[in-house]
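In what follows, a structure is listed as structure tokens, so that the remarks can point back to it.
The values are calculated or read from the model by the stated rules, or taken from the named source; none is laboratory data. Keep in mind that what you see is a predicted model, and the values were worked out from it rather than measured. So basically every Cβ, Gly included, is an ideal-geometry build from the backbone, and we count neighbours across all protein chains shown.
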Amino acid sequence: MTTRTGSSPAPDPTPAPAAERRSWLRDHSELGVCVLLLALGVLVLTDALTMDVDITQRGPVGPRTVPIVVGMGLLVIAALLAVDVLRGGRGEAEGGEDIDLSEPADWRTVLLLSGIFLGAAVLIEPVGFPVAGALLFWGAAFALGSRRSDRDPLIAAVLSLITYIVFDKLLGVPLPGGPLMGVL
Amino acid sequence: MNALNSLMDGFGTALTPLNLLWAALGVLLGTAIGVLPGIGPAMAVALLLPVTYGLDPVAAFIMFAGIYYGAMFGGSTTSILLNTPGESAAVVAAMEGNPMAKSGRGAQALAAAAIGHFAGGMIGTILLVALAPTVADLAVDIGAPDYFAIMVLAFIAVTSVLGSSRIRGLASLLIGLTIGLVGLDQMTGQQRLTFGSLQLADGVDVVIVAVGLFAIGEALWVAAHLRRAAAEPIPVGLPWLGRADVKRTWKSWLRGPFIGFPFGAIPAGGAEIPTFLSYVTEKRLSKNKDEWGKGAIEGVAGPESAASASAAGTLVSMLTLGLPTTAVAAVMLAAFQQYGIQPGPLLFEREPELVWGLIASLFVGMVLLLALNLPLAPVWAKLLRIPRPYLYAGIMFFAAVGAYAVGGEVVDLVILLIIGLVGFGMRRYGLPILPAVIGVILGPNAEQQLRRALQISDGSVTGLVNTPFAVTVYAVIVLLLAWPLLKRLVIRGRPRADA
């Protein structure tokens with residue numbers, strides 16, 4: 001059985017061929033979730049079955065049992081989800097206050113944000129939280145479409161510095177100050 | 001009355017100047033963050049977790065109580081003035097509240113919501129005081145098989161009561177259980193899913209999972225679909241109610257809690273169902289049926305009161321059984337675990353100062369909520385105009401602070417981003433978030449109880465069903481599982497409605 005035959009007997013009438021193709025692609029892409037669940041299941045099962053439990057087994061249920069159940073569950077759910085998707089079932093994308101689902105996903109922004117976040121994570125220890133945090137905020141605001149090159153960095157710097165002082169000095173939650181705080 | 005004495009002691013704890021300050025700060029922070037569009041109570045609590053790391057547990061939970069109630073109230077303000085609720089419990093508030101705001105009665109809608117929250121929270125907390133010690137006493141005797149049964153019930157309830165697809169709910173639960181498996185096995189010290197990494201041997205911190213799924217996942221998801229022109233909030237003045245409005249709404253305020261409280265206490269999705277039930281009830285009982293849909297004030301008052309009371313109900317199961325029934329309770333449970341405190345029947349005996357201080361501060365928080373939020377409503381309304389790039393950049397920023405504060409390790413930030421990407425994918429494909437969080441938090445605990453029960457029975461499966469309590473719980477589970485099948489038999493033949 002292929003996805004094409006699976007989606008064609010769906011009773012709902014499709015308004016336009018372009019929309020039909022896009023929705024077919026969307027059906028198709030959810031199979032990616034099944035593949036990921038399947039891979040996760042295999043991973044969990046492999047880990048459980050290669051576990052060396054002879055010494056550590058205590059009681060009738062060892063450390064393997066639950067991972068095996070979870071792993072099997074993942075495989076079963078991956079299969080069930082695949083069947084559901086092929087039958088035309090579709091996961092409902094989450095709506096929200098600032099979400100406009102009528103336009104296609106903006107992958108550039110998502111990748112950019114992830115990259116900026118990773119960059120800040122790498123920088124936090126060498127340059128300290130105030131600088132890395134400010135870069136994170138400014139970068140994220142830029143990625144999300146803010147182009148006020150005067151206001152954005154100022155807000156980022158103030159927010160980051162205040163957060164650092166409040167957490168590190170007032171609340172007793174240590175954050176790395178970095179060389180900048182060493183100078184001040 | 002023992003409970004009353006303990007409560008008086010609790011007030012002694014809650015009313016110290018410093019703790020009052022924490023409660024007020026919690027209410028203000030919770031409301032401010034709850035008002036911000038796109039941030040629900042669960043994300044608010046998760047993002048504010050690190051603020052409490054440096055505090056002692058009593059102060060931390062007093063602050064949490066304020067954040068919880070504040071965030072719920074903030075969410076309904078957003079619903080009323082923006083009409084695009086991001087959070088399911090606030091959907092009902094928009095149904096009558098937004099038409100009211102549009103027709104220039106926004107001040108009355110906000111007042112009805114604020115007083116509704118106050119009434120619901122008060123009645124709910126009184127019920128909590130009356131019931132929680134009793135439940136805790138009863139629960140002291142329950143053993144491993146009973147706990148395991150309750151947790152299975154929680155798993156089944158979050159996957160099958162909520163959301164439109166059980167398969168997707170189960171997939172989410174299994175993802176959560178898998179994350180919960182990472183680390184050392186609690187009973188034998190066996191490494192599981194660590195791939196030899198030392199960092200993973202400690203397991204993935206629940207706070208990182210919660211912040212990743214709720215905050216980073218949401219920020220990335222919004223980034224992919226950001227509305228070009230943000231919805232315009234309706235300006236509003238100081239909330240107030242006329243005599244006629246009070247006459248119409250006081251019964252609704254009092255009815256709401258009795259719908260909300262029981263639903264909060266059971267794992268049925270928190271405030272979503274009771275707010276809707278309250279809405280339907282108020283509509284049926286209303287004398288002004290023609291106003292419904294165009295801004296009936298009872299439709300704001302009743303559901304808001306029910307929502308607030310359901311939060312109190314949630315605390316009953318969370319404090320007495322260690323069973324989180326909502327996302328917020330799940331995050332709060334994570335916070336308890338952070339302090340090495342295990343909520344459950346023994347909590348009332350072991351940590352009386354903490355529990356009763358927390359409960360007393362709920363009353364205090366409620367009064368503060370009303371006293372602060374009525375005059376501050378116009379300020380909160382201004383928060384709705386925050387430029388969206390700043391809002392979501394701020395969420396990413398504070399998520400990073402929270403994850404880093406957990407252990408001061410960069411690898412936590414990387415794990416946070418990965419879990420955030422998982423949360424993004426889950427939102428894209430309609431996998432609900434709550435089952436995953438419940439899976440991470442309850443999974444390891446459920447496994448322990450299961451193994452303990454089977455150890456006692458020497459491996460015999462009957463050891464799981466040898467108490468009347470466990471049997472009752474399993475009967476409820478079977479009923480929950482069978483219910484949609486029965487319903488499907490009735491409506492079979494109709495064409496399937498796709499999303």
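Things to note:
- Residues of segment B:406-438 classified as among the aromatic types (Phe, Trp, Tyr) and either in a helix (DSSP H, G or I) or at positive phi (or both), total: 1
- Verdict on B:Gly30 being of a type in the set (Gly, Ala, Ser) and more than 14 Å from chain A (Cβ to nearest Cβ): yes
Quick grid of which residues meet (1) closer than 18 Å to B:Ile150 by Cα; (2) surrounded by fewer than 21 Cβ atoms within 10 Å (Cβ to Cβ); (3) without any contact (Cβ under 8 Å) to a residue 40 or more places away in the chain; (4) out of contact with any Gly (no Cβ under 6 Å at 6 or more places or on another chain):
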| position | (1), (2), (3), (4) |
| --- | --- |
| B:Thr326 | yes, no, no, no |
| B:Gln337 | no, yes, no, yes |
| B:Pro343 | yes, no, yes, no |
| B:Leu346 | yes, yes, no, yes |
| B:Leu358 | no, no, no, yes |
| B:Leu369 | no, no, no, yes |
| B:Ala399 | no, no, no, yes |
| B:Tyr404 | no, no, yes, yes |
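- Index of the failed condition, B:Val51 passing every other in (1) over 19 Å from B:Pro375 (Cβ atoms); (2) touching a residue at least 24 places away in the same chain (Cβ under 8 Å): (2)
- Of all residues in segment B:434-485, exactly one satisfies the criterion of being over 30 Å from the mean Cα position of the chain (by Cα) and among the acidic types (Asp, Glu), namely B:Asp458.
- Qualifying positions in segment B:135-189 - farther than 24 Å from B:Phe276 by Cβ, small (Gly, Ala, Ser) and not in a helix (DSSP H, G or I): B:Gly143, B:Gly183, B:Gly189
- Scope segment B:86-106; condition buried (at least 24 other Cβ atoms within 10 Å of the Cβ) and in a helix (DSSP H, G or I); matching residues: B:Ala89, B:Ala90, B:Val92, B:Ala93, B:Glu96, B:Gly97, B:Met100, B:Ala101, B:Gly106
- Restricting attention to segment B:276-296, the residues being in a loop (DSSP other than H, G, I, E, B) and either under 15 Å from B:Gly97 (Cα atoms) or among the aliphatic types (A, V, I, L, M) (or both) number 5.
- Members of segment B:406-420 found to be within 7 Å of another protein chain (Cβ to nearest Cβ) and touching a residue at least 60 places away in the same chain (Cβ under 8 Å), listed by number: B:Leu417
- Qualifying residue in segment B:213-221 (condition: aromatic (Phe, Trp, Tyr), within 9 Å of chain A (Cβ to nearest Cβ) and touching a helix residue (DSSP H, G or I) at 6+ places or on another chain (Cβ under 8 Å)): yes
Rundown of residues vs (1) out of contact with any strand residue (DSSP E or B) (no Cβ under 9 Å at 6 or more places or on another chain); (2) under 24 Å from B:Leu47 (Cβ atoms), yes/no style:
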{"residue": "B:Leu184", "(1), (2)": "no, no"}
{"residue": "B:Leu200", "(1), (2)": "no, no"}
{"residue": "B:Val211", "(1), (2)": "yes, yes"}
{"residue": "B:Ala223", "(1), (2)": "yes, yes"}
{"residue": "B:Arg227", "(1), (2)": "no, yes"}
{"residue": "B:Leu238", "(1), (2)": "yes, no"}
{"residue": "B:Lys247", "(1), (2)": "yes, no"}
{"residue": "B:Trp253", "(1), (2)": "yes, no"}
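- Matching residues in segment B:40-73 - criterion: being part of a loop (DSSP other than H, G, I, E, B) and under 26 Å from A:Pro174 (Cβ atoms): B:Tyr53, B:Gly54, B:Leu55, B:Asp56
- Residue match in segment B:107-126 (condition: crowded, with 24+ Cβ neighbours inside 10 Å, within 14 Å of another protein chain (Cβ to nearest Cβ), touching a helix residue (DSSP H, G or I) at 6+ places or on another chain (Cβ under 6 Å) and part of a helix (DSSP H, G or I)): no
- Residues being free of Cβ contacts under 8 Å to residues at least 40 places away in the same chain and within 24 Å of A:Leu113 (Cα to Cα) - total across segment A:125-184: 32
- B:Tyr392 being in contact with a strand residue (DSSP E or B) (Cβ under 9 Å, 6 or more places away or on another chain), within 9 Å of another protein chain (Cβ to nearest Cβ) and either among the hydroxyl-bearing types (Ser, Thr, Tyr) or without any contact (Cβ under 8 Å) to a residue 40 or more places away in the chain (or both): yes
- Odd one out for B:Ala371, checked against (1) within 19 Å of B:Leu226 (Cα to Cα); (2) at pLDDT 85 or above: (1)
- For A:Ile68: the one exception among (1) surrounded by fewer than 20 Cβ atoms within 10 Å (Cβ to Cβ); (2) within 7 Å of chain B (Cβ to nearest Cβ); (3) in contact with a helix residue (DSSP H, G or I) (Cβ under 6 Å, 6 or more places away or on another chain): (2)
- Selected residue (only one of A:Ile124, A:Ile162, A:Ile155 is more than 9 Å from chain B (Cβ to nearest Cβ) and within 21 Å of B:Leu47 (Cβ to Cβ)): A:Ile162
- Criterion violated by B:Phe348 - all others in (1) under 20 Å from B:Leu7 (Cβ atoms); (2) outside any helix (DSSP H, G or I); (3) among the hydrophobic types (A, V, I, L, M, F, W, C) satisfied: (2)
- Residue tally, condition crowded, with 22+ Cβ neighbours inside 10 Å, of a type in the set (Gly, Ala, Ser) and over 26 Å from B:Gly212 (Cα atoms), over segment B:422-462: 1
- Unmet requirement for B:Pro235, which otherwise passes all of (1) outside any loop (DSSP other than H, G, I, E, B); (2) more than 7 Å from chain A (Cβ to nearest Cβ): (1)
- All conditions in (1) closer than 30 Å to A:Leu38 by Cα; (2) modelled with pLDDT under 80; (3) of a type outside the set (Lys, Arg); (4) out of contact with any Phe, Trp or Tyr (no Cβ under 8 Å at 6 or more places or on another chain) hold for A:Leu184, with the sole exception of (1).
- Taken together, the criteria exclude B:Val246 from residues that are under 24 Å from B:Ala330 (Cβ atoms) and assigned to a helix (DSSP H, G or I).
- Residues (polar (S, T, N, Q) and part of a loop (DSSP other than H, G, I, E, B)) located in segment B:12-39: B:Thr16
- Options A:Leu136, A:Leu175, A:Leu171: the member that is facing another protein chain (nearest Cβ under 9 Å), crowded, with 20+ Cβ neighbours inside 10 Å and modelled with pLDDT under 85: A:Leu175
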